[in-house]
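Bear in mind that the values in this text are calculations on the coordinates, not laboratory data. Here the structure is a predicted model, which means the values were calculated and not measured. Ideal geometry is used to build each Cβ from the backbone, glycine not excepted, and the neighbour counts take in all protein chains shown.
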Ligand SMILES: C[S@@+](CC[C@H](N)C(=O)[O-])C[C@H]1O[C@@H](n2cnc3c(N)ncnc32)[C@H](O)[C@@H]1O
C-alpha cells in the first residue's frame, strides 16, 4: 500500500514538474501580464491562500514566522514609515501603481486617511479590488498601463508601487511615469525584486538557468538591479531629487517558505477550489523555491527606493 502511495506521489510530482518545465508564461507584452494576473485572480487561489496582498511579508525578527498575512500588512506599514508617507496629512492623493487586488491601497486609505487611486493592467484585479473595497473607503481602482499613466503631470502627493517593476518592459519609462505624476516635494515609495548588479558580477552557468526560469515562469521581461533602477529614477526628465535605496532581502526572505506553508496551514483554501487548484498551487512551488534560492544566494535582492527629500527617520 505504501509503495502504491509513493508511486502515486512521485507520479503527481513528476507530472507537476513536467508542466512547470514545459509551460511558458514568459513575458510577451502588457497583455500577457494582464492575462496571467486575470487567471491568478479569477481562480481565487492566490487570494484564498495569501489574502489581499500579492507581495512579500516583512519580518524584522524571524521569530515572527507563522502569520504570513499580518507580515504582509507589516510590510505596508514599514514601507510607509521608511518612505515618509506617514508624514503626509489625511486626504493626500496617493497613486498605487500595479495595485493587485488593492490590499495596500485599502490600508493607505483606511489607516492613513489617504485618497488612493490604484491602477493595474489586469481587469480582473480591478474588478476584484472594487468588490473588496467597502463603501466609504477612499479608494478607487482603474485598469491602466503603468507605461502610459492616464493622469496629469504632478497630480499626486505620493506614488506607491510594490513588486510591479519586474513586469515593466522599459524600466526608464516606468521610472519616468512614476515621477511625472508626482508633484514637486511629493513622496515616492517603490519596492521591487531586483537582480544583483550583473555588470559587477556576471551570471554563473547555474545562475543563468535559474534566472531564465524566474523570468519565464511569472511573466517578467527583465529585472533591474537596485543601482540601475536608482539611476533610471535619477536620469528621468521628471527627476525630483536624489534617490535613496535600501536592501530589504533579509526582512522579506522568510516570505518564500511562508508562502508555501500557507498551503499547509490552510488546506481548505486550496482543496475547497477542487483538485485543479491543488495542481495549480503545486505548480508554483518550483518557482517559489528558486526565488528563495536566488534571494538567499545574492542573485536577487529586494530593493526599496525613496526620494532623498522624503522626510524620514
Ligand atoms: C506582484 S503583483 C503586486 C500587486 C500589489 N502591488 C500588491 O502588493 O498586492 C504585480 C502587479 O503589477 C501589475 N502590473 C504589471 N504590469 C503592469 C503594467 N504594465 N501596468 C500596470 N500594472 C501592471 C499587475 O497587474 C499586478 O497587479
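When residue 207 is tested against (1) within 16 Å of the ligand (Cβ to nearest atom); (2) surrounded by 16 or more Cβ atoms within 10 Å (Cβ to Cβ), just one condition goes unmet, and that condition is (1).
Quick test for you: out of 159, 126, pick the one residue that is more than 8 Å from the ligand (Cβ to nearest atom) and not in a strand (DSSP E or B). It would help to see each step written out before you state the result.
Working: 159 fails: not in a strand (DSSP E or B).
Just a single option satisfies the conditions, and that option is 126.
Does the stretch 105-116 contain any residue that is more than 25 Å from residue 81 (Cβ to Cβ) and in a helix (DSSP H, G or I)? No, the conditions are met nowhere in the stretch 105-116.
Filter the stretch 87-104 for residues that are under 21 Å from the mean Cα position of the chain (by Cα) and outside any strand (DSSP E or B); which is farthest from residue 185 (Cα to Cα)?
Taking the stretch 87-104 first, the residues under 21 Å from the mean Cα position of the chain (by Cα) are 94-104.
Now restrict to residues that are outside any strand (DSSP E or B): 98-104.
Numbers: 98: 22, 99: 23, 100: 27, 101: 28, 102: 25, 103: 26, 104: 22 Å.
So, considering only residues that are under 21 Å from the mean Cα position of the chain (by Cα) and outside any strand (DSSP E or B), the one farthest from residue 185 (Cα to Cα) is 101.
Being in a loop (DSSP other than H, G, I, E, B) and touching a helix residue (DSSP H, G or I) at 6+ places or on another chain (Cβ under 9 Å) is the filter; apply it to the stretch 162-186 and report the residue that is farthest from residue 235 (Cα to Cα). So, considering only residues that are in a loop (DSSP other than H, G, I, E, B) and touching a helix residue (DSSP H, G or I) at 6+ places or on another chain (Cβ under 9 Å), the one farthest from residue 235 (Cα to Cα) is 164.
Answer yes if at least one residue in the stretch 109-119 is within 9 Å of the ligand (Cβ to nearest atom) and crowded, with 16+ Cβ neighbours inside 10 Å, and no otherwise. Let's see the steps before the verdict.
Here is the first cut: in the stretch 109-119, the ones within 9 Å of the ligand (Cβ to nearest atom) are 118-119.
With the extra rule that they be crowded, with 16+ Cβ neighbours inside 10 Å, the set shrinks to 118-119.
Yes, some residue in the stretch 109-119 is within 9 Å of the ligand (Cβ to nearest atom) and crowded, with 16+ Cβ neighbours inside 10 Å.
Under 8 Å by Cβ, and 6 or more places apart or on different chains, what pairs join a residue from the stretch 214-225 that is farther than 16 Å from residue 34 by Cα with one that is part of a loop (DSSP other than H, G, I, E, B)? From residues that are farther than 16 Å from residue 34 by Cα, the pairs are 214/220; 214/223; 222/169; 225/196; 225/197; 225/198; 225/199.
Report, by residue number, each residue of the stretch 47-71 that is within 13 Å of the ligand (Cβ to nearest atom) and farther than 23 Å from residue 303 by Cβ. 47, 51, 52, 69, listed by residue number.
Taking the condition without any contact (Cβ under 8 Å) to a residue 40 or more places away in the chain and either within 25 Å of residue 45 (Cβ to Cβ) or within 11 Å of the ligand (Cβ to nearest atom) (or both), does residue 74 pass? In short, yes.
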